[in-house]
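Pasting in a structure now, in structure tokens, and then I'll have a few things to ask.
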Amino acid sequence: MKQLSVPHLLGIKNLKREDLELIYETADHFKEVINRPIKKVPSLRDITIANLFFENSTRTKLSFELAEKRLSADVINFSASQSSVKKGETLIDTVNNILAMKVDMVVMRHPNVGAAEFLSQHVEARIINAGDGTHEHPTQAILDTYSIREKLGSVTGKNVVIIGDVLHSRVALSNIYALKLLGAKVKVCGPPSLIPKHITSLGIEVEYNLEKALQWCDVANILRVQHERMDVKYFPSTREYTQLYGVNMHLLSKLGKEIVVMHPGPINRGVEITSDVADSGHSIILNQVENGVATRMAVVYLLAQQIKRE
């Protein structure tokens, strides 16, 4: 049986194309499972998984928890705001205490870049990075590229533009790695202040004009403006941002072609995307949410198979 080339999912940067394709194949199977009347399989009955979220999350946390329960794993949920972390306990101590309860796998979101990698070097458990600072969010990129593959048949050769707050986005970086790995052409589009200086070193192009970006692309992945990560003003006003970089139906109707619209959520309706676009036939936003469960089931299952072989 095929298996992943990595013992942890720390970032897309560590994966091979074959890893992504194996995850997609496995997710295809689980997507069929979650659409059955009985949505559970007994695959991971002997595996215990801890979800450690040191940052707020709704979709990712729920998606992982549902994926784990659909696989019949035992699940422990840990929220930093109600824990001994508030009393000064270190990350290693927190995790080691949890591992002492015989946990096999840790899904972790953390505000610090590299936290998941650091953990993988110090504890005996499989680690899945559910987002580390502004660095990577690998399962989001997996579900995004899986959703493009499902909608368009393939990711290879497609033109994908990532629009918005690229500077503060871990989703953008993971998506760029995954799309490049699968042979897509990638551009980013947004205000110059929200585009990282050396982003072109990743083999992508920058387009500052939204209309041109939309005219070029097959898929537009629209990012949220992350005000909570901004310690200074990166643009004059939300109104000005929306005028220059907000995707609305008027813009899409001028294209003369159909494009696919995506958003990792949460959506700021009326800021980076209007409701009529988010809820239109162009949008696959709710497909992304459904595919999040299937792809996370695939990742958890494939890493758990490695544990069972040991």
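The values are calculated or read from the model by the stated rules, or taken from the named source; none is laboratory data. On a predicted model such as this, the values are computed, not experimentally measured, just so you know. No Cβ is skipped: glycine too gets one built from the backbone with ideal geometry, and neighbour counts run over all protein chains shown.
Quick one: which residue in T145, T156 is surrounded by fewer than 20 Cβ atoms within 10 Å (Cβ to Cβ), within 22 Å of V299 (Cα to Cα) and assigned by TED's automatic domain parsing to the domain that holds I259?
Values: T145 fails: surrounded by fewer than 20 Cβ atoms within 10 Å (Cβ to Cβ).
When all the criteria are applied, what remains is T156.
List the number of the failed condition for A100; all other conditions in (1) of a type in the set (A, V, I, L, M, F, W, C); (2) touching a residue at least 40 places away in the same chain (Cβ under 8 Å); (3) exposed (fewer than 14 other Cβ atoms within 10 Å of the Cβ) hold.
(2)
Could you please tell me which pairs satisfy a Cβ distance under 6 Å, a separation of 6+ or placement on different chains, a first residue in region 284-309 that is basic (K, R), and a second residue that is buried (at least 24 other Cβ atoms within 10 Å of the Cβ)?
Final answer for the pair search is R296/S63; R296/F64; R296/A67; R296/T139.
Does P191 meet the test of being farther than 22 Å from I148 by Cα and at pLDDT below 95? Full working, then the answer.
Working: farther than 22 Å from I148 by Cα: yes; at pLDDT below 95: yes.
Yes; evaluated as a whole, the condition is true for this residue.
Here are L44, L66, L22: which of them is over 27 Å from I148 (Cβ atoms) and touching a residue at least 40 places away in the same chain (Cβ under 8 Å)?
L44
Additional query: Of L62, L22, L71, which residue is under 17 Å from the mean Cα position of the chain (by Cα), within 25 Å of N287 (Cα to Cα) and not aromatic (F, W, Y)?
Working: L22 fails: under 17 Å from the mean Cα position of the chain (by Cα); L71 fails: under 17 Å from the mean Cα position of the chain (by Cα).
The conditions single out L62.
Can you say whether H168 is at pLDDT below 90, of a type outside the set (S, T, N, Q) and under 25 Å from I273 (Cβ atoms), as far as the supplied structure shows?
On the way: at pLDDT below 90: yes; of a type outside the set (S, T, N, Q): yes; under 25 Å from I273 (Cβ atoms): yes.
So H168 passes the test.
Conditions tested, residue by residue: (1) in contact with a Phe, Trp or Tyr (Cβ under 9 Å, 6 or more places away or on another chain); (2) closer than 30 Å to G133 by Cα; (3) touching a residue at least 12 places away in the same chain (Cβ under 8 Å).
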{"residue": "L4", "(1), (2), (3)": "no, yes, yes"}
{"residue": "I12", "(1), (2), (3)": "yes, yes, yes"}
{"residue": "F30", "(1), (2), (3)": "yes, yes, yes"}
{"residue": "I34", "(1), (2), (3)": "no, no, yes"}
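Could you tell me whether any residue of region 41-51 is more than 24 Å from T94 (Cα to Cα) and in a helix (DSSP H, G or I)?
No, every residue in region 41-51 fails to be more than 24 Å from T94 (Cα to Cα) and in a helix (DSSP H, G or I).
Find all pairs meeting these conditions: Cβ atoms under 9 angstrom apart; at least six residues apart or on different chains; first residue within region 192-207 and closer than 18 Å to R224 by Cβ; second residue basic (K, R).
Between residues of region 192-207 that are closer than 18 Å to R224 by Cβ and residues that are basic (K, R), the close pairs are S193/K233.
Also: Scan the strands (runs of 3 or more DSSP E) fully inside region 192-310 and keep the ones with 1 or more residues being of a type in the set (G, A, S) and under 20 Å from the mean Cα position of the chain (by Cα). Steps first, answer last, please.
Details: elements: 205-207, 219-222, 260-262.
Those strands (runs of 3 or more DSSP E) span 219-222.
Also: Looking at G133 and the list (1) within 24 Å of P266 (Cα to Cα); (2) in contact (Cβ under 8 Å) with a residue 40 or more places away in the chain; (3) small (G, A, S); (4) out of contact with any Ser or Thr (no Cβ under 7 Å at 6 or more places or on another chain), which single condition is not satisfied?
All conditions pass for G133, except number (2).
Related question: Can you confirm whether region 58-75 contains a residue that is surrounded by fewer than 19 Cβ atoms within 10 Å (Cβ to Cβ), among the charged types (D, E, K, R) and over 26 Å from H168 (Cβ atoms)?
The answer is yes, given that some residue of region 58-75 is surrounded by fewer than 19 Cβ atoms within 10 Å (Cβ to Cβ), among the charged types (D, E, K, R) and over 26 Å from H168 (Cβ atoms).
Looking at R296, R269, can you tell me which residue is basic (K, R) and buried (at least 19 other Cβ atoms within 10 Å of the Cβ)? Spell out how you get there, then give the answer.
Details: R269 fails: buried (at least 19 other Cβ atoms within 10 Å of the Cβ).
After ruling out the rest, the residue left standing is R296.
Taking the options K69, K31, K61, K13, name whichever one is closer than 14 Å to L143 by Cα and not in a loop (DSSP other than H, G, I, E, B). Walk me through it before giving the result.
Values: K69 fails: closer than 14 Å to L143 by Cα; K61 fails: closer than 14 Å to L143 by Cα; K13 fails: closer than 14 Å to L143 by Cα.
Just one listed residue meets the conditions, K31.
Just for region 136-160: of the residues that are among the hydroxyl-bearing types (S, T, Y) and assigned to a helix (DSSP H, G or I), which one is farthest from S283 (Cα to Cα)? Walk me through how you get there before you give the answer.
The initial filter retains those residues of region 136-160 that are among the hydroxyl-bearing types (S, T, Y), namely 139, 145-147, 154, 156.
Those still in the list that are assigned to a helix (DSSP H, G or I) too: 139, 145-147.
Working: T139: 20, T145: 14, Y146: 15, S147: 11 Å.
Among residues in region 136-160 that are among the hydroxyl-bearing types (S, T, Y) and assigned to a helix (DSSP H, G or I), the one farthest from S283 (Cα to Cα) is T139.
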